Amino acid sequence: MPINILMPALSPTMEKGNLAKWLKKEGDKVKSGDVIAEIETDKATMEVEAVDEGTIAKILVPEGTQDVPVNDVIAVLAGDGEDVKAAGAGVASAPPKPAAAAEAPAAAKPAPAPAPSPAPAAKAAAPAAAAPAPQATAPAAQTNGHGRIFSSPLARRLAKEAGIELARINGSGPHGRVIARDVEQAKSGKGLKAPAAAPAGAPAIAPGMSDKQIRALYEDGSYEVIPHDGMRRTIAQRLTASVQTIPHFYLTMDCNIDLLVKAREEINAAAPKDKDGKPAYKLSVNDFVIKALALALQRIPNANVSWTEAGMLKHRHSDVGVAVAMPGGLITPIIRKAETKPVSVISAEMKDFAARARARKLKPEEYQGGTTAVSNLGMYGIKDFTAVINPPHATILAVGASEERAIVKSGKIEAAQMMSVTLSCDHRAVDGALGAELLGAFKKLIENPVMMVV
């Protein structure tokens with residue numbers, strides 16, 4: 001019996017992904033463990049392995065298809081000894097191809113769209129399919145039974161270039177299909193649906209300016225529209241939800257890192273070298289920051305928590321996320337059990353994470369979860385700043401540049417290497433005094449690095 005190959009869920013929160021590339025073609029034999037395709041999520045590109053053995057009888061979703069829902073059938077596998085042609089021919093009885101994968105015949109009757117479920121609070125501000133605005137007379141765009149919009153390839157390309165959500169465009173083609181003409185009208189604000197109302201229980205969001213209102217402020221031809229990719233949309237949704245649902249407060253301290261700078265220089269100078277003279281490690285100030293924050297959370301365990309409505313999650317280990325800039329956004333790989341690792345190991349892990357993050361090769365388990373995070377803009381010369389908490393964390397440490405400043409010591413003015421840090425706290429989980437204790441513990445450790453090995 002033919003075996004359906006489904007769009008995999010590569011993380012607990014994944015709802016859809018892009019089928020970037022097929023590594024096998026129709027007629028190829030595969031065995032369990034073979035890599036058959038590459039899937040792009042908003043954060044990474046991941047390989048998909050075959051679970052069963054057999055022959056690829058039919059590929060339903062071509063490579064390059066975007067926003068394929070999890071558990072959609074993407075290909076059919078003929079089992080050992082099974083007629084491959086017959087298995088491929090039997091696909092007609094399987095669920096239809098996603099509309100984004102290929103042109104659907106004009107006469108094809110789409111399956112009825114399921115009743116929309118309430119969007120999560122994190123996505124309440126995102127435009128979504130809704131009833132047509134009163135002035136729209138065109139039929140509503142139809143879906144393929146999975147909430148996907150029927151549209152022509154040209155319409156999809158034009159909509160992407162214009163930065164317009166297909167779900168907001170009224171389709172005038174057969175069965176409400178979105179065609180190129182509809183996108184051209186949408187560019188001028190015609191035939192656009194109103195954004196869906198926020199679901200009951202979602203945080204109230206003040207109405208902002210529409211795309212049309214914003215563009216009207218600027219002369220035509222004076223700007224370029226760069227469509228949002230999945231990563232940018234996810235960052236926007238998560239951080240909007242964070243500032244709207246998490247009561248932030250901020251604590252700032254100045255840290256004297258003279259001893260840290262001296263210790264770092266001595267440790268790096270003493271690092272063993274290979275035959276080419278390359279040192280085994282080269283520690284950065286940020287590596288010490290990660291270690292100090294991890295140990296501080298162990299000393300102030302009531303701050304090593306995550307808020308849930310049912311109760312507080314008090315974590316046993318310090319899993320420290322570190323913000324890494326990458327093209328189009330940022331990602332936060334996590335140093336697991338950072339309190340147990342030498343600074344040299346933390347440094348090596350961060351170098352590996354940073355390289356793979358920029359290549360979008362991180363696995364979901366390498367950037368999801370964690371108990372706190374570090375965001376360091378010191379390398380850009382930023383003295384101090386506040387960072388937005390990344391749920392489900394209850395804290396994030398914003399680290400500024402280290403610089404020589406004049407300080408008063410024993411009644412005398414001296415020069416010292418100083419670094420400002422700001423701790424953002426979720427007031428539901430970490431009160432002011434508790435946050436101050438945590439930041440104080442961090443300050444003691446970062447100012448006396450020898451304490452990190454005791």
Does residue 396 meet the test of being open to solvent by 10 Å² or more (accessible area, probe 1.4 Å) and over 24 Å from residue 437 (Cβ atoms)? no
Across the stretch 278-296, which residue is surrounded by the most Cβ atoms within 10 Å (Cβ to Cβ) among those that are over 16 Å from residue 439 (Cβ atoms) and among the small types (Gly, Ala, Ser)? 284
Only residues that are small (Gly, Ala, Ser) and open to solvent by less than 10 Å² (accessible area, probe 1.4 Å): list them for the stretch 399-428, please. 400, 416, 420, 424
For the subset of the stretch 329-383 comprising residues that are touching a residue at least 24 places away in the same chain (Cβ under 8 Å) and of a type in the set (Ser, Thr, Tyr), which member is farthest from residue 442 (Cα to Cα)? 367
Please give the number of the condition residue 171 fails out of (1) modelled with pLDDT of 80 or more; (2) closer than 24 Å to residue 64 by Cα; (3) open to solvent by less than 30 Å² (accessible area, probe 1.4 Å); (4) assigned to a helix (DSSP H, G or I). (4)
Kindly establish whether residue 365 is closer than 30 Å to residue 8 by Cα and open to solvent by 50 Å² or more (accessible area, probe 1.4 Å). yes
Residues being open to solvent by 80 Å² or more (accessible area, probe 1.4 Å) and either of a type in the set (Phe, Trp, Tyr) or at pLDDT 90 or above (or both) - total across the stretch 222-255: 5
Quick one: is residue 398 in contact with a strand residue (DSSP E or B) (Cβ under 9 Å, 6 or more places away or on another chain), within 23 Å of residue 259 (Cα to Cα) and in a strand (DSSP E or B)? yes
So which of 20, 9 is assigned to a loop (DSSP other than H, G, I, E, B) and closer than 30 Å to residue 392 by Cα? 9
For the stretch 255-359, give me every one of the helices (runs of 4 or more DSSP H) that falls completely inside it and has 3 or more residues that are under 20 Å from the mean Cα position of the chain (by Cα). 343-358
Find all pairs meeting these conditions: Cβ atoms under 7 angstrom apart; at least six residues apart or on different chains; first residue within the stretch 243-256 and over 12 Å from residue 421 (Cβ atoms); second residue hydroxyl-bearing (Ser, Thr, Tyr). 248/424
For the stretch 33-51, what are the residues that are in a loop (DSSP other than H, G, I, E, B) and open to solvent by less than 70 Å² (accessible area, probe 1.4 Å)? 33, 34, 41, 42, 43, 44, 50
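The values are calculated or read from the model by the stated rules, or taken from the named source; none is laboratory data. Everything numeric here is computed off the predicted structure, so don't read it as measured data. Reconstructed Cβ throughout: ideal geometry from the backbone, glycine too, with neighbour counts over all protein chains shown. These accessible areas exclude ligands, DNA and RNA; they are computed on the full protein's heavy atoms, side chains included. Shrake-Rupley method; radii C 1.70, N 1.55, O 1.52, S 1.80 Å.
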